[in-house]
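The values are calculated or read from the model by the stated rules, or taken from the named source; none is laboratory data. Keep in mind that what you see is a predicted model, and the values were worked out from it rather than measured. For neighbour counting, all protein chains shown are included, and Cβ atoms are generated from backbone atoms with ideal geometry for every residue, glycine included.
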Amino acid sequence: MRALLSTLLLLFTLTAQAQFPGTNQSGLGTAAPEFLPVEEAYRMDGEFTPEGLRLFWQIADGYYLYRHRLGFELSLDGESIAVEAAIPAGLQRHDEFFGDVEVFYQSLDIPISSALTTGTALLEVRSQGCADAGLCYPPQNNFYQVDFSNQTLTPVERPKSGARNAPVTGSDSGSSLSLGVALVFAFFGGMILNLMPCVFPVLSLKVLSFAQSQDHERHQQGWAYAAGVVLSFLLIAGLLIALQQAGSAVGWGFQLQSPHFVTALAFLFVAMGLMLSGVVEIGGSWMGAGQRLTEGGGLRGSFFSGVLATVVASPCTAPFMGTALGFAIAQPAAIALLVFGALGAGMAAPLVLLSYSRGLRRIMPRPGPWMDTFKQVMAFPLYATAIWLLWVVGRQTSVDTLALLLLGLLLLTLGLWLWRYSRIGKALAAACMVLAVGTATLAPGPREVSERSLEAHQQAWSKETMAQALAAGQPVFVDFTADWCITCIANERAVLHRDDVQQAFIDAGITYMIADWTNYDEDIARFLEDHGRNGIPFYILYSGNNAEAPVVLPQLLTRGAVLDAIEQVSAKNGKLAASSQ
């Protein structure tokens, strides 16, 4: 059965590489096909002249730039440097988003001056434009490495600390953390992961194995489990960093955006459940499953239990965890790996402590028939998890795919049942398992567009629709969610989708947008990165006043916290309306 785990990890790697290429596959959503991409509508360049640095734009016909949305920031080693931009007067225009404004058509030329005459600095240029036909592009941030000594201007990728482009407030913003605080947050976030429903069944079965182990064996098993957890977190982190450095926009839980990987998890949970139920009994020391899990499991079994616990923890996000991961993505690879290692250490710490606990040994019942009963009971959470994973695959793909996978699970169950018989039975079992794997690998990939149902007052999120709403001064709340995110679903059922909370959004005039990350969407990943986050859930509330930073709500929501945030936005908008009369 260790081969099944190896196949799972290989599938994890291959599907990640295939699922998240460096190109944008998400499309522009609401943009009509006749509109130009923003980089073609506004071609920007710069050069040094005898008078100094100049920036200029070539603007396509039918498009314009806002004068008041232009901004320039020069920094050296993180310190801001005074910069002056001689922005010319623009054409007067009454704009549907900003009212009476000045705009530029055809071209724009701006001289830039600063106190720097030598050295290299980072220049950030902010701009926003629209098309006469009605499309308003989101604000753009371009970055240049300016070498004043050699008088060169080189475009560069945006810095990792993307929070500088869209400042946020709230307890979940990780941009200002120190390394020590980030490590503490990661450690405690990992500890809380053990309470999540996706991890608890695996952890319970491992604790159960301590009931018939000697002290020395329990200590070794605890550390082997910890090694499996920490190394698995480092493996996921390494793959995540490699994909990001290759240009892909991915975050925590990215592997669950692959239907093939989710399918592999569902098959794995069904196989484990069947073994715990006693339907099949397969020897070996694979990740502490089956009998060897409840009888000690050995070091290899404990190690692979840690691997499994990490894999199934992917859909979960705990408090403190999002902040720590947001810090990690803005750091060099070595520091990011250190934060992920602390996350794994936190997740493994409770079991290691339990392995040394004399009190645990005293309170646990003596080994006996109750262990078989408990083992069989713990199979049902695994079946429930498999059902949920299949539902996720159905949402990512189609009902036809779901039916095909159910057929694959039937073949898998038949193969495991036949395995206990003679050679002929084992041959038939192998054939069934090959066919089962075939149904999983032949299943189609994700749909390009999620079909999440929306209420009448809700909108699907896109960069363009949000930018237009904010440009019109509308308050906006964005719910970044996914069907595979257990914490997201819990927040929605318990808080966000309650009738009174939804009515509060409507009464306050807040546009409720849902950003569905069930399938890969580069725009969502980039937005999260810009706000110092590496995963979901993520909740951000804009007041409608572009001068104010948006507010980030906690990852675990309460009804009171959401209603308080809505009330604050409503009060601010009321004051703005009163002052304008």
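Matching residues to (1) crowded, with 20+ Cβ neighbours inside 10 Å; (2) at pLDDT 80 or above:
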position: GLY296; (1), (2): yes, no
position: VAL311; (1), (2): yes, no
position: SER314; (1), (2): yes, no
position: PRO319; (1), (2): no, no
position: LEU325; (1), (2): yes, no
position: ILE335; (1), (2): no, yes
position: ALA345; (1), (2): no, yes
position: GLY359; (1), (2): no, no
**Prompt:** Conditions: (1) surrounded by 16 or more Cβ atoms within 10 Å (Cβ to Cβ); (2) at pLDDT below 85. GLY425 meets all but one. Number of the miss?
**Reply:** (1)
**Request:** Mind listing whichever residues of the stretch 389-442 are charged (D, E, K, R), in contact (Cβ under 8 Å) with a residue 60 or more places away in the chain and more than 30 Å from ILE486 (Cβ to Cβ)?
**Result:** ARG420
**Item:** Qualifying positions in the stretch 44-68 - surrounded by fewer than 19 Cβ atoms within 10 Å (Cβ to Cβ) and in contact with a helix residue (DSSP H, G or I) (Cβ under 8 Å, 6 or more places away or on another chain)
**Value:** ALA60
**Request:** Among what's in the stretch 389-425 and is among the polar types (S, T, N, Q) and in a helix (DSSP H, G or I), pick the residue that is farthest from LYS206 (Cα to Cα).
**Result:** THR401
**Selection from the stretch 367-388 of residues that are in contact (Cβ under 8 Å) with a residue 24 or more places away in the chain and part of a loop (DSSP other than H, G, I, E, B)** = PRO367, MET378
**Asked** Quick check: anything in the stretch 253-264 farther than 14 Å from ALA313 by Cα, of a type in the set (A, V, I, L, M) and either out of contact with any strand residue (DSSP E or B) (no Cβ under 6 Å at 6 or more places or on another chain) or at pLDDT 85 or above (or both)?
**Response** yes
**Message:** Could you go through the stretch 444-464 and let me know if any residue there is part of a helix (DSSP H, G or I), in contact with a strand residue (DSSP E or B) (Cβ under 7 Å, 6 or more places away or on another chain), modelled with pLDDT of 85 or more and under 30 Å from HIS94 (Cα atoms).
**Reply:** no
**Prompt:** For the stretch 470-490, how many residues are surrounded by 22 or more Cβ atoms within 10 Å (Cβ to Cβ) and of a type in the set (S, T, N, Q)?
**Reply:** 2
**Any hit, the stretch 50-57, residues being in contact (Cβ under 8 Å) with a residue 12 or more places away in the chain, within 11 Å of ASN142 (Cβ to Cβ), out of contact with any Phe, Trp or Tyr (no Cβ under 7 Å at 6 or more places or on another chain) and in the same structural domain as LEU122 (by TED's automatic domain parsing)** = yes
**Prompt:** With respect to VAL495, is the statement that it is surrounded by 17 or more Cβ atoms within 10 Å (Cβ to Cβ), within 20 Å of TYR520 (Cβ to Cβ) and modelled with pLDDT of 85 or more true?
**Reply:** no
